[in-house]
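Asks: Questions regarding the structure given below will be posed in turn.
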Amino acid sequence: MSDQDDLPKLLGDCVHCGFCLPTCPTYVLWGEEMDSPRGRIHLMQQHADGTPLSDNMVEHFDACLGCMACVTSCPSGVQYDRLIEMTRADVEREHPRSLKERAIREMVFQLFPYRRRLRALRGPLRAYQRSGLERLVRLSGVLKRISPSLAAMERLAPPLSKTVPKLPERVAARGERRATVGMLTGCVQAEFFPGVNAATARVLAMEGCDVVIPRGQGCCGALSLHSGREDEARAFARRTIETFESVDVIVVNSAGCGSAMKEFRTLLADDPTWAGRADALSAKTRDFAEFLTELGPRAERAPLPVTVAYHDACHLAHAQGVRAQPRALLAAIPELTVREIAESDICCGSAGTYNLFQPEAAEDLGDRKAVNVDATQAELLVAANPGCSMQIATALRRRGVEIAVAHTAQVLDASLRGLGRDALLARDS
């Protein structure tokens, strides 16, 4: 059955009770009914009944972060995640955007899913960051006048290390092998946060896993899928399936990527050639924290006397239901203290490409999250998605707050290798 066949039931599941309102970031910001999940579902129903997509309708759909907090809070089981992805696909097919908007979107989708293009950007971007030009450009506000989206891209870029260490195609298990896993390295994660991938491979190996890292892997299609670019997403999905078909488990350390790969079974459900293969890949995809919790600890944890604030990435907590596992992994490290962030269910404003296409709303949400992170008085922010790390770190810097940011894998790596708190707090990308 196609998505369009499912649409009447999916829309009819919503009883307009309003339980979603306090969890919706845009409703929390603006208090506008049409910028709440039930308001957007009302607009979706209008479109399903034959109303063409107007500029105003599209603005409300574009303003949605796709964070899926409403899905978690809904007592009626409304599949808003499917609804917004179907609607975004309709928008991309039916609604003409302005030339400027199309240009920005094409630039993003022709850059971020391609590692070689990101790698080519690293050198010039690092030179720009270290030259002092970065400060002058920001003070001048010239990029914001040209395009708020360009200004957001420049502002969000993390400080870059000189080189990206190459991972081998196979990392052998330490001691007796307990499992063999494939590892997704991602796009932004691989080029802007290579330390996360290196730490992920080391931790898996220290916990007794042979780690297979296919050299030919590419983008999983997460950004395209969550932005309504279905054909593009399907092409990326097929390539990912071919790359990882031979492994029994795929470990993913980026929340958005893991969520997308678990959705492949839905994305390719109508393709008789790929449906079974997609379902098999989705079934064996695990988030890093999810997999390690299932596997159980073996390597000895050394003490890490550090206070951390753990951030729930939306595509981990809401889309994958992975909340307790990363907290349990962190809490099992001796002398480490985990502090909760207020309004943890409210998105930080990253949401894949949202902070690039809706920079003002994203900045407001980032500032809100930064206030709550700062209030924990933690020494380290732990997040499981590169977009969240960039978004919150940028918002904290705007407030003049300097706090180290790390992935769960990096914290575990520091403990298993006995690196100590200073090495953990000093780490960069």
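Asks: Pick out the one residue from Arg174, Arg138 that is more than 26 Å from Asp364 (Cβ to Cβ) and either of a type in the set (S, T, N, Q) or surrounded by fewer than 18 Cβ atoms within 10 Å (Cβ to Cβ) (or both). So that I can check it myself, show each step before the final result.
Replies: Values: Arg138 fails: more than 26 Å from Asp364 (Cβ to Cβ).
Going through Arg174, Arg138 in turn, just one is more than 26 Å from Asp364 (Cβ to Cβ) and either of a type in the set (S, T, N, Q) or surrounded by fewer than 18 Cβ atoms within 10 Å (Cβ to Cβ) (or both): Arg174.
Asks: Which one is surrounded by the fewest Cβ atoms within 10 Å (Cβ to Cβ), of the residues in segment 285-302 that are assigned to a loop (DSSP other than H, G, I, E, B) and in contact (Cβ under 8 Å) with a residue 40 or more places away in the chain? Before the answer, list the steps.
Replies: Pass one, segment 285-302, residues assigned to a loop (DSSP other than H, G, I, E, B): 296-302.
When the remaining residues are screened for being in contact (Cβ under 8 Å) with a residue 40 or more places away in the chain, the result is 297-302.
Values: Pro297: 14, Arg298: 12, Ala299: 16, Glu300: 10, Arg301: 16, Ala302: 15.
Here the residue is Glu300.
Asks: Among the residues of segment 28-52, how many are without any contact (Cβ under 8 Å) to a residue 12 or more places away in the chain and either surrounded by 19 or more Cβ atoms within 10 Å (Cβ to Cβ) or among the small types (Gly, Ala, Ser) (or both)?
Replies: Matching residues across segment 28-52 total 2.
Asks: Now a separate question. Quick one: which helices (runs of 4 or more DSSP H) sit completely within segment 59-147 and have at least 2 residues that are of a type in the set (Lys, Arg) and either under 30 Å from Leu11 (Cα atoms) or over 18 Å from the mean Cα position of the chain (by Cα) (or both)?
Replies: Numbers: elements: 69-73, 80-94, 99-109, 115-131, 133-140, 142-146.
Counting at least 2 such residues, we get 80-94, 99-109, 115-131, 133-140, 142-146.
Asks: Could you tell me which of the residues Ala235, Ala199 is surrounded by fewer than 19 Cβ atoms within 10 Å (Cβ to Cβ), touching a residue at least 12 places away in the same chain (Cβ under 8 Å) and either assigned to a helix (DSSP H, G or I) or among the basic types (Lys, Arg) (or both)?
Replies: Details: Ala199 fails: surrounded by fewer than 19 Cβ atoms within 10 Å (Cβ to Cβ).
After ruling out the rest, the residue left standing is Ala235.
Asks: Kindly check whether there is at least one residue in segment 260-269 that is among the aliphatic types (A, V, I, L, M) and in contact with a Ser or Thr (Cβ under 7 Å, 6 or more places away or on another chain). Quick ask: steps written out before the conclusion?
Replies: Taking segment 260-269 as the starting set, the residues that turn out to be among the aliphatic types (A, V, I, L, M) are 260-261, 267-269.
Narrowing the set further to residues that are in contact with a Ser or Thr (Cβ under 7 Å, 6 or more places away or on another chain) leaves 261.
Yes, because at least one residue in segment 260-269 is among the aliphatic types (A, V, I, L, M) and in contact with a Ser or Thr (Cβ under 7 Å, 6 or more places away or on another chain).
Asks: Additional query: Return the residues of segment 148-163 that are more than 21 Å from the chain's Cα centre (by Cα) and within 20 Å of Gln410 (Cβ to Cβ); say none if nothing qualifies. Quick ask: steps written out before the conclusion?
Replies: Taking segment 148-163 first, the residues more than 21 Å from the chain's Cα centre (by Cα) are 148, 161-163.
Answer for segment 148-163, where residues must be more than 21 Å from the chain's Cα centre (by Cα) and within 20 Å of Gln410 (Cβ to Cβ): Ser161, Lys162, Thr163.
Asks: Restricting attention to segment 1-58, report how many residues are basic (Lys, Arg) and within 27 Å of the chain's Cα centre (by Cα). So that I can check it myself, show each step before the final result.
Replies: Filtering segment 1-58 down to residues basic (Lys, Arg) leaves 9, 38, 40.
The next check asks that each one be within 27 Å of the chain's Cα centre (by Cα); those that pass are 38, 40.
Matching residues across segment 1-58 total 2.
Asks: Does any residue in segment 8-20 that is within 23 Å of Ile346 (Cβ to Cβ) come within less than 6 Å, Cβ to Cβ, of a residue that is assigned to a loop (DSSP other than H, G, I, E, B) six or more places away or on a different chain, and which pairs are these?
Replies: As it stands, the answer is Cys14/Val78; Phe19/Pro75; Cys20/Cys74, since those pairs meet every condition given.
Asks: Among the residues of segment 378-393, are any outside the structural domain of Ser254 (by TED's automatic domain parsing), over 14 Å from the mean Cα position of the chain (by Cα), at pLDDT 90 or above and among the hydroxyl-bearing types (Ser, Thr, Tyr)?
Replies: no
Asks: Could you list, in sequence order, all residues of segment 248-284 that are in a helix (DSSP H, G or I) and either in contact with a Phe, Trp or Tyr (Cβ under 7 Å, 6 or more places away or on another chain) or closer than 23 Å to Gly195 by Cα (or both)?
Replies: The initial filter retains those residues of segment 248-284 that are in a helix (DSSP H, G or I), namely 255-262, 264-267, 275-283.
Matches in segment 248-284: Ala255, Gly256, Cys257, Gly258, Ser259, Ala260, Met261, Ala278, Leu281, Ser282.
Asks: Name every residue in segment 151-166 that is assigned to a loop (DSSP other than H, G, I, E, B) and among the aliphatic types (A, V, I, L, M), in order of residue number.
Replies: Going through segment 151-166, the residues assigned to a loop (DSSP other than H, G, I, E, B) turn out to be 157-166.
Selection gives Ala157, Leu160, Val164.
The values are calculated or read from the model by the stated rules, or taken from the named source; none is laboratory data. Bear in mind that the values here come from a model prediction, so they are computed numbers and not experimental data. Here Cβ is always computed from backbone atoms with ideal geometry, including for glycine, and neighbour counts include all displayed protein chains.
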